Amino acid sequence: MITWASFVLRHRLAVLLTVVGATILAGAYGATVMDRLGAGGYSDPGSEAVATAKLIEDHYGRQTPDVVALYTAPEGRSLDDIGPQVQERLAEIDPALLAKPIVSYWNSPTARSELSTQDGRQALALVYLEGDENQRLGSFGDVEEKLTVPGITTEMSGFSALADDINSQSEKDLVFAESLSLPVTLIVLVLVFGGVVAASLPVSVGVLAVLGSLASLRFISESFDVNVFAVNVASLLALGLAIDYGLFVVSRFREEITAGRSADDALLRTMATAGRTIGFSALLLVCAFAGTLVFPQPMLRSLGFGAMSAVAMAALMSLTVLPAALALLGTRIGKWSWRADAFERGEARARRFWGRTTAAVLRRPGIVAASIVSILFLLATPIAGMTLGDVDHTDLPADSPARATAERLANEFPSANSGVLVVLKDEDGTAPDNDSVSAAVRELKSVDDVTGVASLGAATDEFVALRVSLSTPDRSPEAMNAVDRIRALDDLGMDWQLGGTTAVTADGVDTTIRLIPLMLAVMAVATFVLMYVAFGSIVLPIKAVAMAFLSLGATFGILTLVFDEGLLASTFGITPGPLPAGMVVLVIAVVFGLSTDYEVFLISRMVEARADGADTAEAVMTGATRTGRVVTAAATLLILVTGAFTLSELTPMRFIGIGMITALLIDATLVRMLLVPALVKLMGPANWWPRIQQRDQAVVKLERSPTPLEV
C-alpha cells in the first residue's frame, strides 16, 4: 500500500483521469445490461426433476405454457362471438417464436371445458415459446402485443409474463432507490465531515463503483445467465460499500492531517493503515460471496457474481480514485465547512461517548458478554420454524396485473397448472406393463390434493409418462408438500421420476438447503485464513467467525418472524410464506461478510495499538474510541443505501433490505461495540498469540521517512 500510495502521489492527476475515464466508458457499456437479464435460473440443472422435464419435453413437447392469455367476452357477447377476433390475432404470432402450436378454447374442442369458465364468459389461450429462459423472455414483448385483442379484456400470466413484470418492477426500484439514497447519503456525510468537499468524495466514488459493477455484470452476462436481482444487489452494494470505504479513508486522512502530518505523509499513513484494511476487507467480502458459487443454480451464481463485482469495484475506486483525489486536494479537504474545526469537534465528542461506553464494558466484560450472547440466542430461536420456498407471483405487489391473473387462474382454471409429471420405468429400464401402470395410478390418486391422473401420450419402449393434476397452484407450499407425498409412496417395483414446475422448484430448494452448510464452511475457512494473514492471531479470527454466526442467527430469527410467520407483515406490505431460498443465500453472504468487515476495521485499530505497546485494555479502548464514530456512520450510511430495498414493491427486495438493516443494527451496536470489546478483554493476552508482539516495521519506516520518494 505504501508503494502504491507513493505512485499515486507522483502521478495523482494521471491516475484520477485514467480511472475515471475508463470507468465512465465501462459504464456506457454496462448500461445495456438490463436487456440481457432473466428472471429464472432457480432450478438445479442436475436435479431429477430437471432431467425428467427434459426427457418428457424431448418426447412430448413442452408441457408448461410460457404465457397464459385470459380473454373475457364483453357484456352481451359470447366466447364464440369473439372467437374470430382472437384467432385472427393469434395467427399473427410468428411461428418461429413458438415451440409448438398455441392451444386455445377455440381450436381445442375436446378441452373446451378445461379452457373456459362455466358461465361462458372467459377462456384461455396457452402459448409455448421457443428457446431457453432468456430467449423466451426476450420474445414475450412481441407475443404480448399479438395476444392483446382490441375491445376484449385480455390478461396475461405464465412464466414469461410474471418474469417481465418482475424485471420492469426491479428496474423501476433500482432507479428510485439510487435517486433517493444518493442525496440522503450526501447530507449525512456532510454532517459527519462538517463540509461539502470531504462529503462529496465518498459519494463520487460510490457512483463510479456502480458504473463499474454494471459493466462487470454486462461482461459476465456474455458467458453466464444473470438474474434480474443481481443488478439491484450489485448496484446498491457497490454504492453502499464504496461510500463506507470512502468514509474510512477520508476520516483517517483527516485524522492524520489533524495530528500535524503533511498532506503527502498523511496519505501514505492512511493507505498503510485504512487502505490496507480496506484491501483485506474486500478480500473477506469476496470470499463470503464466493460461497454462493457452491450452488449449481444459475440465479444464485449470478447473485454471487453481482455482489463480488460490487465489492471489487468499491475497493478499486476507493484505492485509486480516492487517494488520487486526496493527493490533489491535500489540506483543502476541509474546504466549504461551516466551521473550521467541525470535523475535529465531532471526533472529540464521539471519542468521549465511546470512551465512556467502552470503559463501562471493560469494567464488567463477563456480564456484558453473557447478556449480549443471551439476547442474540433469544433472537435466533424462531429459526427452528423457518421454511424455504422460491420466488413466485406472490412476490409481486398485490395490485400487479400478472399476480392477480395468476391467482385467478389458480382458482378458476386448475388445468392451467402444470401439476406433477411422473415418469415410470421398470427396474430393467423398459416401460412397465399395464397392470403396473394401473397400480401406480391408483397409488397416485390416493395422495391428498391429487385431483386426477392422465397419460401424456403413447408409452415409449423405455417409460410411461403421466400428468398428475393437483388442486393447488404450481410451486405453492401446498403443491410442494404434495410432491413430497408422491415421492413417499410405497415402492411398487418401479423407478419413479418426478418432473414439472413444482418438482423442479422443490428440488432446487432441497439443493439449496443441502449446500448451505458447505457455503458457510467455505466462508468460515476463508475468513479465518485471511484474518490470520492480516493480524497474525489465531484467536481473533475464531472470534470473528463466531460473532458472524451469532449475527446471522439473530438476523434470520427476526426475518423468520416477519416473512414466514407474518409478524408485522401487513405493515411491510408482504404476503407471509416460506422464505425465498435464493434471497436467504444472498443475505447469509451479506450478513457474514459485513459482520467480518466491521470486525476488521475495529480489530485493525486494536492490533495497531497493541503493536505500539498498549496492553489489552488499552488496545480495546483505542480501537473502540477511534473507530466508534466511523463504524457507526458507515453502518448508518449502508442502512440508508440498502434501506431503499425496503421501499421496493417486490418481496425479495424487501427481504434483502429488512435483512441487511437488521443485521447492520445488530452488528454495529450489540456485537461490534459491546460484545467484541468484552470478549477481547476477557481473552486477554491470548488475543495476540502467536505474533502480534511488535510494531509493524513498514509503519515504523514510514514515520521515519521525511518524503514519499524515500519511502
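The values are calculated or read from the model by the stated rules, or taken from the named source; none is laboratory data. The shown structure was predicted, so the numbers you read here are calculated from the model rather than taken from an experiment. Reconstructed Cβ throughout: ideal geometry from the backbone, glycine too, with neighbour counts over all protein chains shown.
Values computed for the structure shown
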quantity: Where a residue in segment 1-30 is touching a residue at least 60 places away in the same chain (Cβ under 8 Å) and its partner, wherever it lies, is assigned to a helix (DSSP H, G or I) and charged (D, E, K, R), with Cβ under 7 Å and at least six apart; calculated: Met1/Arg276; Leu9/Asp264; Tyr29/Arg218; Gly30/Arg218
quantity: Options Ala663, Ala668: the member that is modelled with pLDDT of 80 or more and farther than 30 Å from Ile166 by Cβ; calculated: Ala668
quantity: Failed criterion for Ser43 (all others in (1) part of a helix (DSSP H, G or I); (2) out of contact with any strand residue (DSSP E or B) (no Cβ under 9 Å at 6 or more places or on another chain); (3) of a type outside the set (A, V, I, L, M, F, W, C) hold); calculated: (1)
quantity: Count - residues of segment 319-348 that are modelled with pLDDT of 80 or more and on the phi > 0 side of the Ramachandran plot; calculated: 1
quantity: Which listed residue, of Val525, Val509, Val545, is without any contact (Cβ under 8 Å) to a residue 12 or more places away in the chain, assigned to a helix (DSSP H, G or I) and aliphatic (A, V, I, L, M); calculated: Val525
quantity: Any hit, segment 78-97, residues being assigned to a strand (DSSP E or B), surrounded by fewer than 20 Cβ atoms within 10 Å (Cβ to Cβ) and either at positive phi or without any contact (Cβ under 8 Å) to a residue 60 or more places away in the chain (or both); calculated: no
quantity: Residue match in segment 571-590 (condition: aliphatic (A, V, I, L, M), closer than 30 Å to Arg269 by Cα and not in a loop (DSSP other than H, G, I, E, B)); calculated: yes
quantity: Single residue of segment 512-522 satisfying the filter (surrounded by fewer than 22 Cβ atoms within 10 Å (Cβ to Cβ) and in contact (Cβ under 8 Å) with a residue 60 or more places away in the chain) that is nearest to Leu466 (Cα to Cα); calculated: Ile513
quantity: Selection from segment 108-124 of residues that are more than 13 Å from Ile82 (Cα to Cα) and not charged (D, E, K, R); calculated: Ser108, Pro109, Thr110, Ala111, Ser113, Leu115, Ser116, Thr117, Gln118
quantity: Any hit, segment 193-200, residues being under 31 Å from the mean Cα position of the chain (by Cα), without any contact (Cβ under 8 Å) to a residue 60 or more places away in the chain and either buried (at least 20 other Cβ atoms within 10 Å of the Cβ) or in the same structural domain as Arg136 (by TED's automatic domain parsing) (or both); calculated: yes
quantity: The lone exception for Gly151 - which of (1) without any contact (Cβ under 8 Å) to a residue 24 or more places away in the chain; (2) outside the structural domain of Leu316 (by TED's automatic domain parsing); (3) part of a loop (DSSP other than H, G, I, E, B) it fails; calculated: (1)
quantity: The one condition in (1) within 29 Å of Asn227 (Cα to Cα); (2) in a strand (DSSP E or B); (3) touching a Leu at 6+ places or on another chain (Cβ under 8 Å) that Val143 fails to fulfil; calculated: (2)
quantity: Flag for Val103 being without any contact (Cβ under 8 Å) to a residue 60 or more places away in the chain and surrounded by 14 or more Cβ atoms within 10 Å (Cβ to Cβ); calculated: yes
quantity: Unmet criterion (only one of (1) surrounded by fewer than 19 Cβ atoms within 10 Å (Cβ to Cβ); (2) closer than 25 Å to Asp58 by Cβ; (3) at pLDDT below 85) for Ser471; calculated: (2)
quantity: Restricting segment 607-625 to residues that are closer than 13 Å to Trp354 by Cβ and out of contact with any Ser or Thr (no Cβ under 6 Å at 6 or more places or on another chain), the residue that is surrounded by the fewest Cβ atoms within 10 Å (Cβ to Cβ); calculated: Thr622
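Each row is one residue, and each column tells you yes or no for (1) closer than 30 Å to Thr646 by Cα; (2) touching a residue at least 40 places away in the same chain (Cβ under 8 Å).
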residue: Glu427; (1), (2): no, yes
residue: Asn434; (1), (2): no, no
residue: Val441; (1), (2): no, no
residue: Thr451; (1), (2): no, no
residue: Thr460; (1), (2): no, yes
residue: Val468; (1), (2): no, yes
residue: Arg475; (1), (2): yes, yes
residue: Leu489; (1), (2): no, yes
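For every residue, the table says whether it meets (1) surrounded by fewer than 15 Cβ atoms within 10 Å (Cβ to Cβ); (2) under 30 Å from Met653 (Cβ atoms); (3) at pLDDT 80 or above.
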| residue | (1), (2), (3) |
| --- | --- |
| Arg363 | yes, no, yes |
| Ala370 | yes, no, yes |
| Val391 | no, yes, no |
| Ser418 | no, yes, no |
| Gly429 | yes, no, no |
| Pro432 | no, no, yes |
| Val453 | no, no, yes |
| Gly457 | yes, no, no |
| Leu466 | no, no, yes |
